[in-house]
Amino acid sequence: MAPEPVSAEELYRRKIVGVNDRTVTHVSSTNFPGHYPGENHAWDLEEFRNSFQVQFHKSAATKPHELTTFSLIGIDASIANAFRRILLAEIPTIAIEDVFVHNNTSIIQDEVLAHRLGLIPLTGNYAAIMAMDFKRPPTDAEPEGQKPTDQNTILLNLKIACEWAEGAKKLLEKHQADDIDKLYVNHNVYANDIIFTPIGRQINEFSEEKGPIRPVSPEILIAKMRPGQEINLEMHARKGRGGDHAKFSPVATASYRLMPTIDIVKPILGDDARKFARCFPKHVIGLEQFTEDDAAKAGDGYEEHVGEKKAVVKNAFNDTVSRECLRHPEFQDKVKLGRVRDHFIFSVETTGQYPSDELFIMSVRALAAKTNKIRRHLANVLR
Amino acid sequence: MATQVPGTQDETMPDAPGNENADGQDEDTIIGREDLVVRVLPGASDTAASFEIEHEDHTLGNSLRYMIMKNPEVELCGYSIPHPAEDKMNLRIQTYEGTTVYEALEKGLDDLKDLCDVVLEKFEAARDDYNERQL
């Protein structure tokens, strides 16, 4: 059965999710075998290779740890969503998991302090972090859990005591004590005060040149103290998944949106065009001269408008699809909003442990690894 | 709170024997699950069966369902998470005569793997191209 040729308009119609003032239309993919009589739609790797595109909009390569945005064009929502879910929950990172409190006389309770420490994003030589092992959780056979080693545990220390600054007493006597930074030393405990203690092969892998383990942001405030108080604790960071605890998630955000479309069906002219442009974010709609050609194309009754300004779509990418233009009666039936079903604009922002573009690559690898694993398992078990 | 001498109760931390995942690309290192179980649920025939896959969720469920539905020999494919507190995913496949659910599942997994390879290849090319233009 030879597939019948499908017109370009029909293909475009199938690709667009309609956005109306109160409803959405054509939300589901229809590219399955048997959906359209006489059409194939079977999975074809070569066809996918030819149609699938990646476009970069912003990369973190020049500015590490910043937002990376890119588009995946020609892929199904189920797969784009799998990448997003893996980014959030399945790429392992290291975070502080065990805190051994030797002394804590600050006003922050041990458990609250431990929780705060766990949430501090750590960074370092990311290839070495990637190569670290998971620490096996306790089981019946191993009730204590796996022993910490240099391959599954990062050792960190925080030892800090708050004291009076030199000459503080004099300032107090003179009633000049309004600047607390002159009165106390170490009264603010920052993430920077956490000290990494490399053990075993970590001495080489997390050396000063390769990148020692350190907090991504040195100025995270951990606790506040007053003279006489001190914090002295040992921390074990280990590998975990975002699915188990959000502190292990490698991304601050990983999300996608669909590419917006704005179709101006009938000309929008003059003051209406200016009002129309104001319904959208800046530079999404532009104004151009309405020419005789346009008037001829638009049909009867437009000749007198030649020379006025008309609204044209300049940059639908930046539209937020607020649907504001659909609230005004003067644009009724003149504009159609939509989104491209298979154009995903991803934005990935790392917490700093891995570069954001590397994270997406890891998510694709992780999905491939999942399929491999089940495939091997099937071969062993089912037959 | 008594001030205790740090480290008195602690054992020293041993070094791990050898590095098993030296390249850092091992599948278990990426996913962190070793105990995957796939089971065929009772009532299965060659052309209609339900699989129970442990430690998987919508991530693999929906993408695998899509790839299996792209196979013209498959009559139906669907997945469900029977209960949110149980870490398992059920996958239902029904095929037309002439193939089996096992073949359909294996083809789905292979197709998904191929797709990932293409995405990876195109993503890396696009990234390198973009970075080159920025410099």
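The values are calculated or read from the model by the stated rules, or taken from the named source; none is laboratory data. Computed from a predicted model, the values in this text were never measured in an experiment. Glycine also receives a Cβ, built like all others from the backbone with ideal geometry; neighbour counts cover every protein chain displayed. We work out accessible area using only protein heavy atoms, side chains counted, and drop any ligands, DNA or RNA first. Shrake-Rupley method; radii C 1.70, N 1.55, O 1.52, S 1.80 Å.
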From the set of residues in region A:265-292 that are surrounded by fewer than 18 Cβ atoms within 10 Å (Cβ to Cβ) and under 34 Å from the mean Cα position of the chain (by Cα), which is farthest from A:ILE73 (Cα to Cα)? A:ARG278
Look at B:LEU91 and say whether it is facing chain A (nearest Cβ under 9 Å), in contact (Cβ under 8 Å) with a residue 24 or more places away in the chain and hydrophobic (A, V, I, L, M, F, W, C). no
Matching entry among A:LYS210, A:LYS170, A:LYS182 (being of a type in the set (D, E, K, R) and in a loop (DSSP other than H, G, I, E, B)): A:LYS210
From the options A:GLN353, A:GLN332, residue that is open to solvent by 60 Å² or more (accessible area, probe 1.4 Å) and either within 11 Å of chain B (Cβ to nearest Cβ) or not aromatic (Phe, Trp, Tyr) (or both): A:GLN332
In a helix (DSSP H, G or I) and within 25 Å of A:LYS210 (Cα to Cα): which single residue out of A:ALA95, A:ALA82, A:ALA128 fits that description? A:ALA128
Among the candidates A:ALA295, A:ALA311, residue that is closer than 16 Å to A:PHE331 by Cβ and surrounded by 15 or more Cβ atoms within 10 Å (Cβ to Cβ): A:ALA311
Please indicate, with yes or no, whether at least one residue in region A:135-158 is farther than 24 Å from A:SER249 by Cβ, outside any loop (DSSP other than H, G, I, E, B) and β-branched (Val, Ile, Thr). no
Does region A:104-128 hold any residues that are more than 18 Å from A:HIS245 (Cα to Cα) and out of contact with any Leu (no Cβ under 8 Å at 6 or more places or on another chain), and which are they? A:THR105, A:ILE107, A:ILE108, A:GLN109, A:ASP110, A:GLY124, A:ASN125, A:TYR126, A:ALA127, A:ALA128
Which pairs do you get when a residue that is open to solvent by 40 Å² or more (accessible area, probe 1.4 Å), found in region A:92-115, comes within reach of a residue that is among the charged types (D, E, K, R), reach meaning Cβ atoms under 6 angstrom, with the pair 6+ apart or on two chains? A:GLU97/A:ARG238; A:PHE100/A:GLU234; A:VAL101/A:ASP110; A:THR105/A:GLU230
